[in-house]
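All remarks here apply to the structure that follows.
The values are calculated or read from the model by the stated rules, or taken from the named source; none is laboratory data. All of these numbers come straight from a predicted model, not from anything done at the bench. Please note: Cβ atoms are built from the backbone with ideal geometry, for glycine as well, and neighbour counts cover all protein chains shown. Heavy atoms of the whole protein, side chains included, go into the accessibility calculation; ligands, DNA and RNA do not. Shrake-Rupley method; radii C 1.70, N 1.55, O 1.52, S 1.80 Å.
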Amino acid sequence: MISRNALTARGFTLIELLAAITLLGLLAAILMGTVRGAERSTSAATDAVERTEQYARTQAFLRDHIGGALPLRWRREVNQPLKFSGKQSTLTYFAPVTSQIAEGGVMWWQLAVAKSSSPSKGSQLVLRRLPAASDDKVVPDLASADAIVLADNIETLTISYFDPGDDPLTNPDGGAWLDSWDENSRMPTLITLRVTEAGNRRWPDLTVPLKLSQALGCNFDFQRQRCIIQGTATR
């Protein structure tokens, strides 16, 4: 007859060992899944914060820079066009150099999306710049001009322009949004930028009021969202 002590001393059976190994494997898989999930959550949260910082920083800069576009002509004549070109995917304008970039002067600027030389950065939102030439007669081609990279991994840039109408002072509600700006005697009063990142992630729309938006220049009333020309009665 086998004693109780002998049964205790013989150890685990093969089935018991397999069951224990299987259980340990399941626990390890659950633990690794939890760790990887936490890593993904942390990475996603970090990416979201970085993207938020990217568009917030870029939009703050563009609001100030585009808002300062100058409604200047090539000559001091009434029928000369303004130094401005508004397309659906590019915006070319004449503006001062901001303190974030350099000191003093005015230049040509163009906001656009361009392919990056680095595949990891995808297409980029860039602000091209070109010194003004005294003999300029048309908006220059800035496709190969020096570019400042504002944001990486950008898929599309869509721009729209608000036309205040022929008489924005007496009829402030008569304006309309346009996909391009073909009017060369005056500037739009508002410009809206819609930026989409890789993965179809869209930034909040940015609407920029131009501080000097009429052919003769004006003071922009931010509260009323319209141009106030000095010496003209307002309603």
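At-a-glance table
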read-out: Projected label distance in nm at L14 and V106, using a 7 Å step from Cα toward the beta-carbon; value: 9.1
read-out: Fully extended contour minus Cα-Cα distance, from R194 to T158, at 0.36 nm per residue; value: 12.5 nm
read-out: Solvent-accessible surface (1.4 angstrom probe) belonging to K211, in square angstrom, nearest 10; value: 90
read-out: Per residue accessible area in Å² of segment 122-178, where ligands, DNA and RNA are left out and the probe is 1.4 Å; value: 52
read-out: Cα-based shape type of segment 149-202, given that a ≥ b ≥ c are square roots of the gyration tensor eigenvalues and the cut on a/c is 1.5; value: prolate
read-out: Approximate spin-label separation V149-A56, in nm, with each point projected 7 Å along Cα-to-Cβ; value: 2.3
read-out: Two-site label geometry, D179 and I21: point separation in nm, points 7 Å out along Cα→Cβ; value: 6.7
read-out: Burial order of peptide ranges 49-59, 177-187 (average beta-carbon count within 10 Å, highest first); value: 177-187, 49-59
